[in-house]
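Below is one structure, written out as structure tokens; comments come after it.
The values are calculated or read from the model by the stated rules, or taken from the named source; none is laboratory data. Just so we're clear, the structure is a prediction, and the values are computed from it rather than from any experiment. We place every Cβ from the backbone using ideal geometry, glycine too, and count neighbours over all the protein chains shown. Note: accessible area is taken over every heavy atom of the protein model, side chains too, but ligands, DNA and RNA are not part of it. Shrake-Rupley method; radii C 1.70, N 1.55, O 1.52, S 1.80 Å.
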Amino acid sequence: MLRALLALILLLVAGPARADPSDIAAASRGVVRVVLVQSDGATVQYVGHGSGFAVSPTLIVTNAHVIASAREDDTMLIGVVPSEGSIGFLAKIVAVSPRNDLALLRLVDKGSVAPLTLFPGAIEDGAEVYAVGYPGNVDLAQGLSLAEIVEPQSAVKTRGYLSAGRSSRQFETLLHTAPVGSGNSGGPLLDTCGRVIGVNSFGTLSEGADSEFYFAVSPRELAGFLREAGVKPRLG
């Protein structure tokens, strides 16, 4: 009885679990930059970029709006740049769902990226979350050239909290406060164990002192998209 009472007291005073930085760092190795370039065979022009993450060694999830222009222009190439290594890889579009802003890419080179684990359970309102990706304003502040943008680099990680009670009208989303910028689109929203709980898609427009909030495609939308594409991700 005394042992059980002591265990209960320890549980009550321990407080909520905190993120293990090693879990977030490990998951970040599966996050990639998705780069669009236009080529006429002689020159290459940078078009833009978003983020993405691996759900298998050769399959990458991102937002549909990130690769939308590549669907309309066959002179445009999609590159996937991992956070580690020395090179990036070309990719092709496997599946697209504009309705819920999801897309699936497959690496066409002999490359691979460490896949992330998806969390299949219920997400607690107010939970601590992490957005991971490649915001363009960080590239701008660093003064990165095109050559440097397409080199492997560590992804940027930001922390916030989930406000699960609000969703967009277009599709099911998670509302959160982990800061994201242009270029983060398609990157994962992680829980404190480094598991994917959403795909960052868009944010609110802030004016003056208004607080900023961000929307991630929900895990249920992501699971349905992957199921239709015949993909069985790692769950945990």
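Key figures
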{"read-out": "Förster radius 22 Å - calculated FRET efficiency between residue 220 and residue 161, Cβ distance, rounded to 0.05", "value": "0.65"}
{"read-out": "Rounded percent of accessible protein surface that carbon and sulfur make up, the chain, 1.4 Å probe", "value": "55"}
{"read-out": "Among (1) 62, 37, 34; (2) 77, 45, 35; (3) 59, 41, 33, the entry derived from the coordinates for Cα extents along the principal axes in Å", "value": "(2)"}
{"read-out": "Extended-chain gain in nm, criterion 0.36 nm per residue less alpha-carbon gap, residue 92 and residue 193", "value": "33.3 nm"}
{"read-out": "Over the chain, relative contact order from alpha-carbon pairs under 8 Å, at least 6 apart, %", "value": "21"}
{"read-out": "Hits among aspartates and glutamates - C-alpha to C-alpha of residue 157 under 15 Å, sequence gap 8 or more where chains match", "value": "20, 23, 128, 139, 191"}
{"read-out": "For the chain, calculated [θ]222 nm from helices alone, where every DSSP H run of n ≥ 4 adds -39500 (n - 2.57)", "value": "-5500 deg cm²/dmol"}
{"read-out": "Length released on extending from residue 140 to residue 108, taking residue separation times 0.36 nm less the Cα-Cα span", "value": "8.6 nm"}
{"read-out": "Per residue accessible area in Å² of the chain, where ligands, DNA and RNA are left out and the probe is 1.4 Å", "value": "52"}
